[in-house]
Each structure stands twice: as structure tokens, then as C-alpha cells.
Amino acid sequence: MRKISYCEALNEAMTQEMERDPSVFVYGIGVPDHKRIFGSTDGLVEKFGAERCFDTPLAEDAMTGFGLGAAINGMRPIHVHARIDFMLLCMNQIANMIASYRYSARGRLRVPIVIRAIVGRGWGQTFQHSKSMHATFAHIPGLKVVMPTTPRDAKGLLISAIRDDNPVIFIEHRWLYYAVDDVPEEPYTLPIGEPNILRTGKDITIVATSWMNVEAMKAAGILEEKHGISAEIIDPRTITPFNDEAIIESVERTGHCIVADNDWVHCGFSAEVAARVSEACFGQLKSPVQRIGFAFTHCPSPRPLENAFYPNAVDIVRAAEKKLRLPAADIVVDDMYSYERKFTGPF
Amino acid sequence: MKNINLDLYKKMYLIRSAESRICEYYHENEMKTPVHLSIGEEAISAGVCTAIGADGQIFGTYRSHGIYLSRTGETDKFFAELYGKETGLANGVAGSMHLSAPEEGFMGTSAIVGSIIPVAVGAAFANKIKGNGKITAVCFGDGAIDEGVFWESLNAACLMKLPVLFVCEDNGLAVHTSKSLRHGYKSILDISAQFDCNVIGKDTTDAETIYKLTTDAIRLIKESQRPCFLYLKYYRYLEHVGISEDFNCGYRSKDEFEKWYEVDSVNMQRKKLLRLGFSNEDIREEEMNIDNQIYLSIKLAKAAPYPDITELYRELYI
């Protein structure tokens, strides 16, 4: 099959949907500029014109309400934010307006808007360019929250999000932009609300979100190689609606569960997963659910501090070893960050 | 203009009468919804809603009884909504602060000050793209122009040359706080005139004048392909939320009210009809029809059932 990057997959999804449906338009700060949101909006303004692909004033709040107004009048807006942190400027429109608009009109209006936003990491992104925020959005009824990890999921889920008649927050990780994988050329959808089992295994279940799936895959390889342990990795892909069936079925088999979330642990999605697993698998759990996430502080600039802020594959390996009462393996971490090496900043 | 004036009066009387009945029945504690009444605001609601026509779209705030009643003329679903009943315009789910009637072009409201303004701008964008010639109006108070989102929205609409009519209904108060305590500038009209849009402002409580100003504004929007900022003043007769007078609370005086009441829009419009040749009996008959409609609606609303428990989740997602 043809291989393309996560970034190209996002671009292809938007291009194909804009070709298919003239009501789809994409807008946001920097969307048609020469950087093209890290390349993800390449070619759209040339192909579809400034009416369907445009820059906006630095007015995140109003331009979010703008998307709502366009959506209830029959358009399908895609609003793009180069960093998800900027969406805090849109929270009133998202939480107070977009989430409840259809509900308050009892279905006489629909709100088919997609808000794409990118999670930054590394190279000094620091406090205001590195948040993940999926739990914040997932907490609010009326929104769907999608967080793809693979290029194939990025394309299929973005097409599903655009076609969905509900508002969808679509969260992309900056480092995943370089991930390359098999992606079908033709348009296709993936169901919003179904997990992806990235790796099957029988000894331990790892639930991971976004970039943490890369860490989890690395950890699973090490566990296999060093301990002969087979880890199952489940990527929920959509935080709302959250389908926990595959996770529960997996933990019922393995008896052990690690949740590696690309976010803070406190009051985060990892807590939701842990609670659901504990509720559903109480009798089958051989160890308590272990959560792994960001340090509960702000993301610092210097690399050594950043390394302590972000959890990684080693943390997952150590958590698994502890659960399974295994000695700590001797791990060489040299080649663990192949994607990260591609992100040389600045943004 | 005779028919327009009768039409305007009927709309205004409907609003005044419906709001007065809310005041009458509110103490029964059955209408459990925070009401921000439109008494004093009738001429703007009736004038703007009439001028934008059947094709026009309008957005409002939590103080939108006037818009809803002007736009639809119906009171059964309106009162049922206030009583939280299944027969309400939103099955009782939305209440007084979240009225809408999309099928009548009343596209929605918000109880967060200023938040509906950008939504109207986006709706106007969709209308422009579709080339359907529709005008989108959005009504908001002078409190909303304190909010950043108003300026963001005005800027975007002017930049994008959108067919949107901003209707600033200035009652001089944001809840209980006067403009002098909120505005660090002299004239909103002067500032808005610096934007690439049309600006119209007038001190009037005459519904026909407001209807004509709005008609002019719509013509300007179409001719210039620019938005319009329409600035009108009115006086809120009652407290911010609720059914009572609050002239003894220290932030405003009854004298101020008395001055405005001399030019009360409903009274003035009635006098105008008499001048135009309508008889007192004819007018009284129209008024009684409206009063009866309202009493019947209240009776129906009270008798209607609460929404089924399944309404709790319905329409959250498709």
C-alpha cells in the first residue's frame, strides 16, 4: 500500500472532503500562509480559493463563534489552531455555545464543525505551547473528542469528523506529523468511538493516547525482548465517545493495566480509564491500575527538565516490571526517539 | 404605512401584554425560569424584526422575549417553554434564556453576554457564500460592547464585508452598572464609524422610525456590501432579571423612568393608530384578541405535562 505521513494524511482528508462537499471550508490563523500549519493545509488555497481557505484576525474567540454560525447555516467549517493552548481563548464559544447549541434548539439546528488543534512538544515549547487538553474537552457533553495516533487513523477519522453532524475537537500531536505508514489513497471513514488495538498481547494491557502510543510500542518491544512479556496496546483514538469494551475485555484476560496518557494525570483521561477498568474488572485485576502521565507542573524549557516532565517508554517498562514482579532490565535508550529527532524546532 | 403601524402595534402590544402576564403569574412559582423581560424594549424588537422580513435571520440574547414574540406571533409554545413543559418551543428544556425559532429565522440566543454576536457573523458568512441575499441581524445590549468578542466580531465582519446588522440596544445598564462606570471612551458611534461599515444611531422610541431605520440599514448593507452598526436607546422598566421594579435600590431613580415613560413606545404607537384613523374600538378588539390568546396559552401551558425523562439526552448528539 502507498505510504504517506500523518501530516499528508490530514491534508489528503481535507482535500478530498473539500472536493466532495462544497460546504466544507477551512480557516484559522496562518492556515493559508507559507508555513501552512506545518504543511497540513498545503495546496488548499490554490485548489479551492480564498473563499474556502482563509486566514483570520487574531480573534480565536469570535472566530469560533463564527464557525458555529456558519455551521448552523449549512456549512461545514474546519477551524485550525497551530497549538491547542490557543483554544483556551475559545472556551466560552466551545463550552457555552457550540456544545449546547443543537440541544437547546432540540435538533432543529445542527453544528457540523471540526476544530483541529496541535499539541506541541520539545525544543522549548514550554508552558503555553505543550498542553494536550483532551480531558478538558471530553468533560463537556455535546462535543466529540478525537485524538488519532497513526497516519491511517488521522485520515479516516478526520474524514469522519468532517462528515459528522456533531462538533468534533480533533487533536493532533506535532511529533506524529512525521509518522509514515500505509494509508489508502481513496477517501475512507473510520468510526468515531472505536479503539484501535495497536498490538495484541496476553500478559499486560497498555492503554495509551496520541504520542504515548509511540512510547508504549517501544516499551512493548523492550518487554518482549528482555522479559518475553507480551503487552497488548490499545489506543482509544476517541476520548468522547469513549468505547471501553476492548480495554475491559483485554484487562479481563491480562489482569494488569497501565494507562499512559499524553496529559497530566490528576483529573485526566487516565483517571477515567482507571476508574472504568477498576469498576468493570475489579475481581480480575492482579494489580492496581497504574497511571502514567506528565509531571504535575508546567512544561519547562531545558531539555533535562523536559525529560523529567514527560513520561517515556522506560517509565512504561518499569511500571510493567513492577506489576509483573520482574527485575529491571538493562535498557539502552539511544535510538528510542526517532520521530523526535525529526522535530528540530522551532515550532 | 397604516398597515405597518398596526402590525408594529400588535407586536408591541403582544410583548407588553405577555410580559405583564408573566409578572402576574410569576409569584405562583410555577414558571421556574429566570426572566429578563422586554418591557421598554418593544419598539426595537418589533421594528427590527418587521424590517428584516420573513427571509431575514435574527439572533438575540437572554432578553429575547420581544424578538421571539415579534418573530412568531405565537404564545402557546412560548408560555409552555417558560413553564418547562413538553409543548414548549424547545420541549421546556431551554427556558426563557435560550429561545429560538429557526423555522422563523430566529436562529438562537445566549445567556452569556456578547457570545451570540460572532455566531451571527458566521451565519452571515454562510449567507454570503450561498449568495442567498439574506440579512442577518444580531441584537445585544450596551453591556455586550464591553466584551472583547464584540470588537473581534465587528472587526471580522467589516474585514470580510458580511451582510450583518449589529443592533446595539443601549439601556445604559449592564445588570446594575451604568455606562459611566464601564466605558473608557466617549462615543460608541464615533468609534464604530472608524470601522469599514455603515453606522446609524438615533434616540427614538417610535417603532415606525426604528422600522424605517432598520430598512435603511438593510438597504445600505446590500448596496455597500458592508455591515451596519445600528445604535438605539431604550429604558429597561424592570429589574435586570425578574419581575419587579427596582428604583429604590440606589443605582437608578424613578424620575428617570418617568421621563422615559412619557415617550413609552406602546402608548405612543397606540396614539399614532388613533391619529391614523383607527377607532378605539378597533384597537381594543385587537388588544383583547391578544390578551385572550395569552390567557389561553398560559392555561394550556399550565395543563401540559413536563417533558418525558428521555428528553434529558435527546439531541445532545445526532
**Request:** Filter the stretch B:28-44 for residues that are in contact (Cβ under 8 Å) with a residue 40 or more places away in the chain and either more than 15 Å from the chain's Cα centre (by Cα) or over 21 Å from B:A301 (Cα atoms) (or both) and give the result.
**Result:** B:E30, B:M31, B:K32, B:T33, B:P34, B:I39, B:G40, B:E41, B:E42, B:A43, B:I44
**Request:** Find all pairs meeting these conditions: Cβ atoms under 9 angstrom apart; at least six residues apart or on different chains; first residue within the stretch A:44-70 and more than 14 Å from B:V121 (Cα to Cα) and more than 9 Å from every other protein chain (Cβ to nearest Cβ); second residue modelled with pLDDT under 95 and in a helix (DSSP H, G or I).
**Result:** none
**Request:** Find the residue count for the stretch A:89-104, including only residues that are free of Cβ contacts under 8 Å to residues at least 24 places away in the same chain and among the small types (G, A, S).
**Result:** 1
**Message:** Can you tell me which of (1) in contact with a strand residue (DSSP E or B) (Cβ under 9 Å, 6 or more places away or on another chain); (2) farther than 17 Å from A:I118 by Cβ; (3) more than 9 Å from every other protein chain (Cβ to nearest Cβ) is the one A:N73 doesn't meet?
**Reply:** (3)
**Message:** Looking only at the stretch A:95-116, count every residue that is touching a Leu at 6+ places or on another chain (Cβ under 7 Å) and more than 10 Å from chain B (Cβ to nearest Cβ) and tell me the total.
**Reply:** 0
**Request:** Please tell me if A:A216 is more than 14 Å from every other protein chain (Cβ to nearest Cβ), buried (at least 19 other Cβ atoms within 10 Å of the Cβ) and not in a strand (DSSP E or B).
**Result:** yes
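Residues are listed down the side, and each one gets a yes or a no for (1) over 19 Å from B:S20 (Cα atoms); (2) in a helix (DSSP H, G or I):
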position: B:N248; (1), (2): yes, no
position: B:R252; (1), (2): yes, no
position: B:E258; (1), (2): no, yes
position: B:Y261; (1), (2): no, yes
position: B:M268; (1), (2): no, yes
position: B:K271; (1), (2): yes, yes
position: B:D282; (1), (2): yes, yes
position: B:E285; (1), (2): no, yes
position: B:I290; (1), (2): no, yes
**Message:** I'd like to check something: does the stretch A:36-52 contain any residue that is more than 20 Å from the chain's Cα centre (by Cα), closer than 23 Å to A:Q93 by Cβ and among the aliphatic types (A, V, I, L, M)?
**Reply:** no
**Asked** For residues in the stretch B:105-130 being touching a Phe, Trp or Tyr at 6+ places or on another chain (Cβ under 9 Å) and at positive phi, which is farthest from the other protein chains (Cβ to nearest Cβ)?
**Response** B:G114
**Residue under evaluation A:V183, criteria (1) within 30 Å of A:Y103 (Cα to Cα); (2) hydrophobic (A, V, I, L, M, F, W, C); (3) over 17 Å from the mean Cα position of the chain (by Cα), criterion not met** = (1)
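The values are calculated or read from the model by the stated rules, or taken from the named source; none is laboratory data. Just so we're clear, the structure is a prediction, and the values are computed from it rather than from any experiment. A quick note on method: Cβ atoms are made from the backbone with ideal geometry, for glycine too, and the neighbour counts reach across all protein chains shown.
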